[in-house]
Amino acid sequence: MKSKRMLTLTLIVAALEIFRAADLRAGITVTKVSAVEVTVGDLDRSVAFFTNVLEFRRVSEVEVAGPEYEHLEDVFGIRMRVATLELADERLRLMQFLAPRGKPFPFDSRANDRWFQHIAIVVSDMDRAYARLRAYRVEYASTSPQTLPRWNPHAGGIRAFYFRDPDGHFLELIQFPRGKGDPRWQRGNGRLFLGIDHTAIVIANTGASIAFYQRLGFHVAGTSDNFGTEQEHLNNVFGAHLRITSLHAQSGPGVELLEYLTPRDGRPIPSDLRPTDLAWWQIILLTETKASARSSTGWITTAFADVSEPELKPVSLPSNELGFARALIISDPDGHHVELTQP
């Protein structure tokens with residue numbers, strides 16, 4: 001049986017058209033990017049990294065197993081440790097599979113490969129944040145912090161730096177000048193690390209990705225055309241020229257689409273990527289259903305009822321230890337993963 005991770009773009013688009021129609025019929029609304037989730041190799045090591053180096057706060061930790069989680073993740077025989085971390089109002093979830101173990105993060109990953117995903121952590125002072133990373137001997141992904149040029153009307157003056165966590169995942173520090181970014185990023189209140197502005201994903205076609213995420217309730221919040229030596233040294237990709245599109249749901253971090261106009265040699269997401277592999281990220285979306293529309297079959301099941309795909313079924317979990325009671329994981333046009341959830 002084919003994996004639900006490998007749904008074709010045609011199936012996804014058709015399913016989401018039904019999802020939007022069901023939204024009108026059953027009162028379904030995607031209300032929030034509630035968290036970004038990444039698979040890690042050693043949960044204790046990763047929690048220590050994010051809390052000690054980047055000042056996240058651990059909110060909870062659970063260990064789960066059972067057939068419901070196997071169906072949700074499409075992996076047999078799993079046992080997971082899941083830690084939820086918080087930075088200001090945003091959440092990051094770290095997921096370690098005790099069984100089965102997956103593949104390590106690809107050692108030769110580049111920022112234009114389409115399995116690239118990161119979270120952008122806002123800082124109040126780039127120089128102090130960069131010095132902190134150096135003190136902890138954090139692995140570089142950029143040459144150094146870069147200040148994007150003033151000629152760029154949408155990104156000029158933004159300072160940014162890519163680095164890696166202990167598993168090799170890309171992360172970003174970002175500092176916004178006055179007049180750019182969410183106004184709350186100007187209110188540091190003495191803190192160095194302020195929150196998560198967005199999660200960024202590399203995509204092949206901006207139009208197809210916008211269509212997908214708009215059907216989930218996102219809107220385009222901004223665009224930018226980025227190139228030049230600063231962008232090349234930020235991404236550490238020679239000749240980098242990016243079309244960047246910022247998407248937002250009703251609340252929560254944004255989703256930033258990164259389409260490389262040059263170079264075009266970024267590799268696609270491997271067809272056999274699984275949640276147990278360390279290249280796995282997913283965006284967790286909270287959905288809301290009006291009380292009058294709630295039923296055992298009325299939620300996402302209704303939305304996908306006409307799709308000839310038996311694996312497109314939401315899973316009801318035995319508890320809400322993960323922060324939700326029902327969920328369904330789907331893939332966007334490039335294979336990035338989105339988890340639709342309901343309390």
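The values are calculated or read from the model by the stated rules, or taken from the named source; none is laboratory data. None of the values given here were measured: they were computed from a predicted structure. A quick note on method: Cβ atoms are made from the backbone with ideal geometry, for glycine too, and the neighbour counts reach across all protein chains shown.
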Being assigned to a helix (DSSP H, G or I), in contact (Cβ under 8 Å) with a residue 40 or more places away in the chain and of a type outside the set (Lys, Arg) is the filter here; which residues of the range 131-143 pass it? LEU133
Does the range 265-285 include one or more residues that are in contact with a Ser or Thr (Cβ under 8 Å, 6 or more places away or on another chain) and modelled with pLDDT under 90? no
Tell me, yes or no, whether the range 208-221 has at least one residue that is out of contact with any helix residue (DSSP H, G or I) (no Cβ under 6 Å at 6 or more places or on another chain), loosely packed, with under 15 Cβ neighbours inside 10 Å and among the β-branched types (Val, Ile, Thr). yes
For ARG159, the lone unmet condition from (1) under 30 Å from ARG267 (Cα atoms); (2) without any contact (Cβ under 8 Å) to a residue 12 or more places away in the chain; (3) of a type in the set (Lys, Arg) is (2)
Given the conditions (1) crowded, with 18+ Cβ neighbours inside 10 Å; (2) within 23 Å of the chain's Cα centre (by Cα); (3) on the phi < 0 side of the Ramachandran plot; (4) of a type outside the set (Val, Ile, Thr), and given that LEU148 satisfies all but one, which numbered condition is not satisfied? (2)
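To keep it simple, each residue is scored yes or no on (1) touching a strand residue (DSSP E or B) at 6+ places or on another chain (Cβ under 9 Å); (2) over 29 Å from PHE76 (Cα atoms); (3) without any contact (Cβ under 8 Å) to a residue 40 or more places away in the chain; (4) part of a loop (DSSP other than H, G, I, E, B).
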site	(1), (2), (3), (4)
ALA208	no, yes, no, no
GLU230	yes, yes, no, no
THR245	yes, yes, yes, no
VAL255	yes, yes, no, no
ARG264	no, yes, yes, yes
LEU285	yes, no, no, no
So, in the range 69-106, exactly how many residues are in contact with a helix residue (DSSP H, G or I) (Cβ under 6 Å, 6 or more places away or on another chain) and β-branched (Val, Ile, Thr)? 1
Scan the range 63-86 and give yes if some residue there is within 18 Å of ILE284 (Cα to Cα), basic (Lys, Arg) and more than 16 Å from the chain's Cα centre (by Cα), otherwise no. yes
Which strands (runs of 3 or more DSSP E) sit wholly inside the range 18-130 and have at least 2 residues that are among the basic types (Lys, Arg)? 57-65, 79-87, 90-99
Does the range 314-343 hold any residues that are of a type outside the set (Val, Ile, Thr) and in a strand (DSSP E or B), and which are they? SER316, ARG326, ALA327, LEU328, SER331, HIS337, GLU339, LEU340, GLN342
Name the residues in the range 188-208 that are closer than 17 Å to ARG243 by Cβ and over 14 Å from the mean Cα position of the chain (by Cα), would you? ALA204, ASN205, THR206, GLY207, ALA208
Inside the range 171-188, the number of residues satisfying the requirement of being assigned to a loop (DSSP other than H, G, I, E, B) and surrounded by 12 or more Cβ atoms within 10 Å (Cβ to Cβ) is 6
Please determine, by comparing only the residues of the range 319-335 that are at pLDDT 95 or above and touching a Lys or Arg at 6+ places or on another chain (Cβ under 8 Å), which one is farthest from ALA208 (Cα to Cα). GLY335
Would the range 178-185 turn up any residue that is touching a helix residue (DSSP H, G or I) at 6+ places or on another chain (Cβ under 7 Å) and either modelled with pLDDT of 95 or more or of a type in the set (Phe, Trp, Tyr) (or both)? no
Residue by residue through the range 68-95, note down the ones that are among the acidic types (Asp, Glu), in contact (Cβ under 8 Å) with a residue 60 or more places away in the chain and at negative phi. GLU68, GLU73, ASP89, GLU90
Of everything in the range 40-92, what is hydrophobic (A, V, I, L, M, F, W, C), within 30 Å of TRP185 (Cβ to Cβ) and in contact with a Gly (Cβ under 9 Å, 6 or more places away or on another chain)? Give them in sequence order. LEU87, ALA88
